[in-house]
Amino acid sequence: EEFLLDGQAAGWAAGTTVTYRWHLTRWSMWLAARQVTAVESLTRLLLRQWSASLVENWAPATRKGAITAVRALVSWLHREEQVTDLASALRVPRVPRVLHRTITAAEVRVLLAAAAEPAEHGLTRTAAQAVCARNRALVALLFDSLLRAFELCALTVADVDLTRGVVNVRCGKGGKARRAPISQEAVDLLRAWLAERPATTCIKL
């Protein structure tokens with residue numbers, strides 16, 4: 001936890017802290033299963049055995065994230081003079097570049113049509129209409145802006161400039177900010193959602 005706090009103080013993005021904690025928790029569970037509970041017990045052999053154990057079940061990108069997190073921790077422990085220099089025992093694997101399938105405009109139209117269907121979960125007519133407006137706005141926003149899911153979830157109403165057709169992403173990957181343009185159709189759907197949006201003190205979109 002002190003390592004993660006130090007990283008936050010150095011300016012890590014919130015997503016980095018969450019990812020590192022996830023990987024380090026699983027690493028500590030692996031160590032505990034082998035009765036290793038003190039940093040003084042860490043060895044190069046132990047780190048290499050853990051790294052090798054990831055190959056069978058984890059994809060290269062996940063392995064890279066895990067090894068990067070553990071390397072960062074053991075490097076920090078070395079700087080804190082709690083262990084010898086162990087980071088070099090871990091090699092970060094190369095992740096092959098893969099062309100991911102992209103969604104088509106026709107598929108987006110199908111999603112928008114599905115999002116327009118009222119939910120049948122005991123909602124009032126007004127609440128169902130609001131859900132439809134929200135879902136259609138989110139589909140259009142994601143398709144136009146290419147935002148990541150966590151970036152979308154972090155948006156506030158103030159981050160969306162409907163006059164200019166721009167979304168301000170204040171905390172993107174790596175903590176970097178950027179602007180993403182959106183189409184007039186997405187602007188119209190966002191206006192429709194904001195008109196239906198229930199009165200709330202929440203600033204989230």
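The values are calculated or read from the model by the stated rules, or taken from the named source; none is laboratory data. Please read all numbers here as calculations on a predicted model, not as lab measurements. Note: ideal-geometry Cβ built from the backbone for every residue, glycine included; neighbour counts use all protein chains shown. Side chains included, ligands, DNA and RNA excluded: accessible areas come from the protein's heavy atoms. Shrake-Rupley method; radii C 1.70, N 1.55, O 1.52, S 1.80 Å.
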Table column - 3J(HN,Hα) (Hz), the range 85-90, Karplus curve with 6.51, -1.76, 1.60, x for Gly and Pro: 6, 10, 4, 5, 6, 10
Residue-averaged 222 nm ellipticity for the chain, from DSSP H runs of 4+ at -39500 (n - 2.57), nearest 500: -17000 deg cm²/dmol
Whether the range 17-70 is rounded, prolate or oblate, judged on the alpha carbon gyration tensor where a/c under 1.5 counts as rounded: oblate
Accessible area per residue, Å², the chain with all protein chains present, probe 1.4 Å: 65 Å²
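Treating only the Cβ atoms of Lys and Arg (+1) and Asp and Glu (-1) as charged, compute the dipole magnitude of the range 1-78 about its Cα centre; round to the nearest 20 debye. Spell out each step's value before the answer.
Details: 8 positive and 5 negative charges, 67 e Å.
That gives a dipole near 320 debye.
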Summed residue charge, Cβ within 11 Å of GLY165's Cβ, Lys/Arg positive, Asp/Glu negative: -2
Cα shape, the chain, gyration tensor, a/c 1.5 rule: prolate
For the range 106-129 versus the range 1-32, the gap between their alpha-carbon centres in whole angstrom: 39 Å
For the chain, size of Cβ-based charge dipole, Lys and Arg +1, Asp and Glu -1, in debye: 540 debye
Dipole of the chain [Lys/Arg +1, Asp/Glu -1 at C-beta], most positive-end residue of GLN8, ALA61, GLN35: ALA61
Derived scalar couplings ³J(HN,Hα) [the range 30-46; Karplus, 6.51 cos²θ - 1.76 cosθ + 1.60; whole Hz; x for Gly, Pro]: 5, 5, 4, 5, 10, 6, 9, 10, 10, 4, 5, 8, 5, 9, 4, 4, 4
Residue among GLU107, GLU56, GLU151 with the largest mean-square fluctuation in a Gaussian network model of the chain, springs linking Cα atoms under 10 Å: GLU56
Cα gyration tensor category, rounded, prolate or oblate, for the range 146-205 with a/c compared to 1.5: oblate
Normalised contact order of the chain, rounded percent, pairs of Cα under 8 Å and 6 or more residues apart: 17 percent
Integer Hz, Karplus 6.51/-1.76/1.60 couplings in order for the range 95-103, x for Gly and Pro: 9, x, 6, 10, 7, 7, 5, 9, 6
Protein accessible area in the range 63-150, 1.4 Å probe - carbon and sulfur %: 56 percent
Given charges at beta-carbon only (K, R positive; D, E negative), |dipole| of the range 145-205 in Debye: 340 debye
Amide H within-cut-off set for VAL166, under 5 Å, with H built and near neighbours excluded: ASP161, ILE182
